[in-house]
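Trainee: Supplied in structure tokens, the structure appears directly below.
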Amino acid sequence: MSLPEFRLTAANAAPVTTDHKPLRRLHMITWGCQMNVYDSGKMSDVLAPLGYGPAESPADADMVILNTCHIRERATDKVFSELGRLRVIKETRAAEGKQTILAVAGCVAQAEGAFITERAPYVDIVLGPQTYHRLPEMVARAHRAAGPVIETDFPVEQKFDFLPETAPSAERAVTAFLTIQEGCDKFCSFCVVPYTRGAEASRPAAAVIAEAKHLVARGAREITLLGQNVNAYHGAGADGRDWGLARLAYALADIPGLDRIRYTTSHPRDMDDDLIAAHADLPALMPFLHLPVQSGSDRILAAMNRRHTADDYRRLIEKLRTARPDMAFSSDFIVGHPGETAADFEATMQLVRDIGFAQAYSFKYSPRPGTPAAGSPGMVAEPEKDGRLAELQALIRAQQDDFNARTVGLEIPVLVTGAGRHAGQINGRSPYLQAVHMDGPVSLTGQVVPVKVQGLMTNSLTATLINASPTQERASA
Ligand code: 5AD
Ligand code: SF4
């Protein structure tokens, strides 16, 4: 095992304060899921002690990191076209005597490795998602200009053990992400994640709890636990046993000031009874769950290697609704998986009608090289996929509109996230992740307040505060 030459610790990390002009500027471009958003934050944090502060645009940046996603079609083409644009900027800056380090991170970096620097030799660093803690060392090597630095191994050590806590310069945020688990062992037929993110690994519970406390101390009131297969979490607990997600949720719910807990993305197979019971017991666990089902046809679910049936999913939703009657659901669907017939697609439509989703994402199947489905017979023609996608999306849209319309007139708790666009207006977030706008004082930021939903806008709700105290009314006047 090769150990990093440079390891960031509290001892060698130079203090960074926002009063000082950063020595160097970093521009991050982030594509893909919330895990990537979290990882981009961590990459900024790991570089902050080297003097890197944020740059508004790549033209102002001494280093640009492109954090990529490989989940769906043309991911690699998209990366090379963005790199082409960054190359021009790098060359313009070079003509002005300025160096620009160009790094490609994330799942495309993991999947393509050295192919990226072969096709784009102006790229300095290619780093996979398991190697972010080694970024300072890679930057030092890139500065020495000894050729491209490529790090896409799955290292034996856990990257989490070496990543710093949120940097002192990081913005205070009322809502925060916290990665607790990475990778996936499920091997769904269509999916690249088990290949790009590797085997399932969970952080120890104590590390998660410490990071959650740190986030709360910095102002977070809502934490979304992240993982490719988050409800398969099985981190080492303080009692020497492995903790599941339910046990972790109970421990996190005890942190004073942490009002809301969410987790994403889950697999139906890992939705165990303890976790369902936690939804009944813990008011902090939000009654909104993203639970991808992918298809409503048992034949296609089997071909997808999902290892559950459509009725298993229906029963699971029923159990969750019994545990927490105000629970709402979101899901992911793929149309046109190899072998999907019109009847299979109709089974998906029926499942959607039966469940009634608050929202859902749907995608046309796109073959990912190296996955089992990519080599399967029975590819569905593109126009057929287009037709199915449009039909499914129209149904989902109608359900989403209906769900939002049903919140109008209700009294719901809203977490105030900050000032709105107009004077006297504040923004917040409903338990169902709906954006809410209302009149009120910015001093409510970070509080969960009761509101009455008054109306619907395109992507948000309007509401009024209930029982606003006289001070609040004066402040908002
Ligand atoms: N084609 C289409 N959609 C896909 N997804 C994952 N892989 C593919 C693919 N090859 C979708 C799944 C998953 C979501 C994150 O992306 O629905 O849940
Ligand atoms: Fe991909 Fe999710 Fe299936 Fe894992 S469970 S292989 S991440 S779709």
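Trainee: Name the pairs: first residue in the range 251-267 and closer than 30 Å to Gln294 by Cβ, second residue buried (at least 17 other Cβ atoms within 10 Å of the Cβ) and of a type in the set (Asp, Glu), Cβ to Cβ under 8 Å, at least 6 apart or on different chains?
Mentor: Arg260/Glu222; Ile261/Glu222; Arg262/Glu222
Trainee: Take the residues in the range 97-152 that are closer than 26 Å to Gly183 by Cβ and of a type in the set (Phe, Trp, Tyr), then tell me which one is most open to solvent (accessible area, probe 1.4 Å). Talk me through it step by step, then tell me what you get.
Mentor: Step one: list which residues in the range 97-152 are closer than 26 Å to Gly183 by Cβ, which gives 103-117, 123, 125-139, 148-152.
Checking which are of a type in the set (Phe, Trp, Tyr) leaves us with 115, 132.
Values: Phe115: 80, Tyr132: 2 Å².
If we take residues in the range 97-152 being closer than 26 Å to Gly183 by Cβ and of a type in the set (Phe, Trp, Tyr), then Phe115 is most open to solvent (accessible area, probe 1.4 Å).
Trainee: Out of all the residues in the range 343-366, is one or more over 30 Å from Leu465 (Cβ atoms) and in contact with a Cys (Cβ under 8 Å, 6 or more places away or on another chain)?
Mentor: Among the residues of the range 343-366, not one is over 30 Å from Leu465 (Cβ atoms) and in contact with a Cys (Cβ under 8 Å, 6 or more places away or on another chain), which makes the answer no.
Trainee: Among the listed residues Arg269, Arg247, Arg203, identify the single one that is of a type in the set (Lys, Arg), within 16 Å of ligand 1 (Cβ to nearest atom) and over 24 Å from Val414 (Cα atoms). Break it down into steps so the answer makes sense when it comes.
Mentor: Numbers: Arg247 fails: within 16 Å of ligand 1 (Cβ to nearest atom); Arg203 fails: within 16 Å of ligand 1 (Cβ to nearest atom).
Selected residue: Arg269, the only one of Arg269, Arg247, Arg203 that is of a type in the set (Lys, Arg), within 16 Å of ligand 1 (Cβ to nearest atom) and over 24 Å from Val414 (Cα atoms).
Trainee: So which residues in the range 296-322 are in contact with a Ser or Thr (Cβ under 7 Å, 6 or more places away or on another chain) and more than 16 Å from ligand 1 (Cβ to nearest atom)?
Mentor: The answer is Asp298, and nothing else.
Trainee: Here's something else I'd like to know. Just give me the residues in the range 353-392 being farther than 21 Å from Phe187 by Cβ, in contact with a Phe, Trp or Tyr (Cβ under 8 Å, 6 or more places away or on another chain) and among the aliphatic types (A, V, I, L, M), in sequence order.
Mentor: The answer is Ile355, Ala358, Ala360, Val380, Leu389, Leu392.
Trainee: Starting from the range 367-384, keep only residues that are under 16 Å from Glu112 (Cβ atoms), then list their pairs with residues that are within 10 Å of ligand 1 (Cβ to nearest atom) and among the small types (Gly, Ala, Ser) whose Cβ atoms are within a distance under 7 Å, requiring at least 6 positions of separation or different chains.
Mentor: Once the first residue is under 16 Å from Glu112 (Cβ atoms) and sits in the range 367-384, its partners that are within 10 Å of ligand 1 (Cβ to nearest atom) and among the small types (Gly, Ala, Ser) give Arg368/Ala374; Thr371/Ser189.
Trainee: Is there any pair linking a residue in the range 186-214 that is outside the structural domain of Gly235 (by TED's automatic domain parsing) to one that is of a type in the set (D, E, K, R) and more than 8 Å from ligand 2 (Cβ to nearest atom), with Cβ under 6 Å and at least six apart or on different chains, and which?
Mentor: Short answer, once both residue conditions are applied: none.
Yes or no, residue by residue, for (1) open to solvent by 10 Å² or more (accessible area, probe 1.4 Å); (2) under 17 Å from Gly424 (Cβ atoms); (3) assigned to a strand (DSSP E or B); (4) modelled with pLDDT of 95 or more:
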site: Pro450; (1), (2), (3), (4): yes, no, yes, yes
site: Val453; (1), (2), (3), (4): no, no, yes, yes
site: Thr458; (1), (2), (3), (4): yes, no, no, no
site: Ala468; (1), (2), (3), (4): yes, yes, no, no
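Trainee: With the structure loaded, tell me whether Asp239 is within 16 Å of ligand 1 (Cβ to nearest atom) and in a loop (DSSP other than H, G, I, E, B) or whether it fails that test.
Mentor: no
Trainee: Could you say which residue among Asp274, Asp239 is at pLDDT 95 or above and open to solvent by 10 Å² or more (accessible area, probe 1.4 Å)?
Mentor: Numbers: Asp239 fails: at pLDDT 95 or above.
Matching residue, one of Asp274, Asp239: Asp274.
Trainee: Collect the residues in the range 185-218 that are open to solvent by less than 20 Å² (accessible area, probe 1.4 Å), in a loop (DSSP other than H, G, I, E, B) and out of contact with any strand residue (DSSP E or B) (no Cβ under 7 Å at 6 or more places or on another chain), keeping them in residue-number order.
Mentor: Cys188, Ser189, Val192, Gly198
Trainee: In the range 286-295, what residues are within 15 Å of ligand 1 (Cβ to nearest atom) and either of a type in the set (Asp, Glu) or open to solvent by 10 Å² or more (accessible area, probe 1.4 Å) (or both)? Before the answer, list the steps.
Mentor: Initially, the range 286-295 is screened for residues within 15 Å of ligand 1 (Cβ to nearest atom), giving 289-295.
Those that are within 15 Å of ligand 1 (Cβ to nearest atom) and either of a type in the set (Asp, Glu) or open to solvent by 10 Å² or more (accessible area, probe 1.4 Å) (or both): His290, Gln294.
Trainee: Follow-up question, since we're still on this one. So if I check each of Asp281, Asp298, which one is more than 16 Å from ligand 2 (Cβ to nearest atom) and outside the structural domain of Gly244 (by TED's automatic domain parsing)? Walk me through how you get there before you give the answer.
Mentor: Numbers: Asp281 fails: outside the structural domain of Gly244 (by TED's automatic domain parsing).
Answer to the selection: Asp298.
Trainee: Going through the range 391-416 one residue at a time, which ones are within 16 Å of ligand 1 (Cβ to nearest atom) and open to solvent by 60 Å² or more (accessible area, probe 1.4 Å)?
Mentor: Gln393
The values are calculated or read from the model by the stated rules, or taken from the named source; none is laboratory data. This one's a predicted model, so the numbers in the text were calculated from it and none came from an experiment. Positions of Cβ are backbone-derived with ideal geometry, glycine not excepted, and every protein chain shown enters the neighbour counts. Side chains are part of the model used for accessible areas, which takes the heavy atoms of the whole protein and leaves out ligands, DNA and RNA. Shrake-Rupley method; radii C 1.70, N 1.55, O 1.52, S 1.80 Å.
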